[in-house]
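Just below is one structure, and these are the notes that go with it.
The values are calculated or read from the model by the stated rules, or taken from the named source; none is laboratory data. What you are looking at is a predicted structure, and each value in this text was computed from that prediction instead of being measured. Don't worry about glycine lacking a Cβ; one is built from the backbone with ideal geometry, like all the others, and counts go over all protein chains shown. Note: accessible area is taken over every heavy atom of the protein model, side chains too, but ligands, DNA and RNA are not part of it. Shrake-Rupley method; radii C 1.70, N 1.55, O 1.52, S 1.80 Å.
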Amino acid sequence: METQSNTSLSLIKSAEFFLKKPSIKSSDFQVRTNVTDQELLDQFEKMARYAQQSYCLFEEKDHLEANIYDFMTMEFIVVIRGVELSRANWFIRPNFLVPYAVDKIWSWIPKVDNLFYTHFTKIQKKLFDRIEAFRISKIDWPIKFVGHGIGGVYAVFAGLNYRTRLPQLEIFVYTFGQPRIGDKYFALYTNFKLSKRVFRITYTDDYVPKLPFKIFPQSFDDEFYVHHETEYWIASDCDCYNSVYKCEGEFIPELGFLDECGLCNNSAYEPNSIIRGISSHNGPYFGHLMGFCPSV
């Protein structure tokens, strides 16, 4: 009973924090720790396998679709396929932020990338209808949203939507090579809603998580792209399981880490190796190469 009371108090404090626009600055404190939890690493491998299999759905690489799995683990795994990088016009277009529809009336509004949000709103009804068709007889099962690249962006949007609509459900999000989605307020909102159940996995010097470009802001009043928590960085392309790091940076009191850690994927940058950084986008992640249908 006491634990439940403490949890409720913590949620109330966080909610109160959201009712006023933060004026504090984040700290420069950054942490990179080696991940040794084998169960967590096995979960990453499992989700990477599903993300890879999503590329078998259609020959047209930029066709948005999702697979839904419900195995004996008694959980839904919703995999949203990413967009082929060469056809993703967001990569070369000017980026701008638009308001994101939140579930409460806050005194400030998170903002997200216009193109990402516009595309998601076009597919969300079809996606949610499919999920609900599977959930009819299994309404209490947790849902795990998975995506690679821009598919990871849509996985985050879907996870936030379901967390708002069905707060009693356990919602998890796993993304691979996900680009930045929105501003600091959206990062804080994502951290608050998904609270340690969103896993943002990056690979060596993959260039996509560095996009859209972030110009480091001096205060919360600036509008720039910032990642949400929590980054898990595969530092080596030869031994994934022994070179995975949990990365935390830019600590915000009461709400945790924004997760723009300069010690992980952000540190793997060479001005003359952009092409390699783009080619690294497909991994492999824990032995699974994205963007291609695995031959079985």
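The table below lists the values:
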item	result
Residue match in segment 209-216 (condition: β-branched (Val, Ile, Thr), at pLDDT below 90 and either in a loop (DSSP other than H, G, I, E, B) or touching a Pro at 6+ places or on another chain (Cβ under 7 Å) (or both))	yes
The listed residue being more than 19 Å from Gly283 (Cβ to Cβ), at pLDDT below 80 and in contact with a strand residue (DSSP E or B) (Cβ under 8 Å, 6 or more places away or on another chain), out of Asn89, Asn95	Asn95
Neighbours by Cβ (under 6 Å, 6+ apart or cross-chain): first from segment 64-75, more than 13 Å from Tyr154 (Cβ to Cβ); second in a loop (DSSP other than H, G, I, E, B) and at pLDDT 75 or above	Met74/Trp141; Glu75/Trp141; Glu75/Pro142
Flag if Leu160 is open to solvent by less than 10 Å² (accessible area, probe 1.4 Å), without any contact (Cβ under 8 Å) to a residue 40 or more places away in the chain and closer than 21 Å to Lys125 by Cβ	yes
Selection status of Ser295, farther than 21 Å from Ile181 by Cα and at pLDDT 65 or above	yes
Residue among Phe186, Phe199 that is assigned to a helix (DSSP H, G or I) and touching a residue at least 60 places away in the same chain (Cβ under 8 Å)	Phe186
Any chance Asp206 is open to solvent by less than 10 Å² (accessible area, probe 1.4 Å), in a loop (DSSP other than H, G, I, E, B) and at pLDDT 85 or above	yes
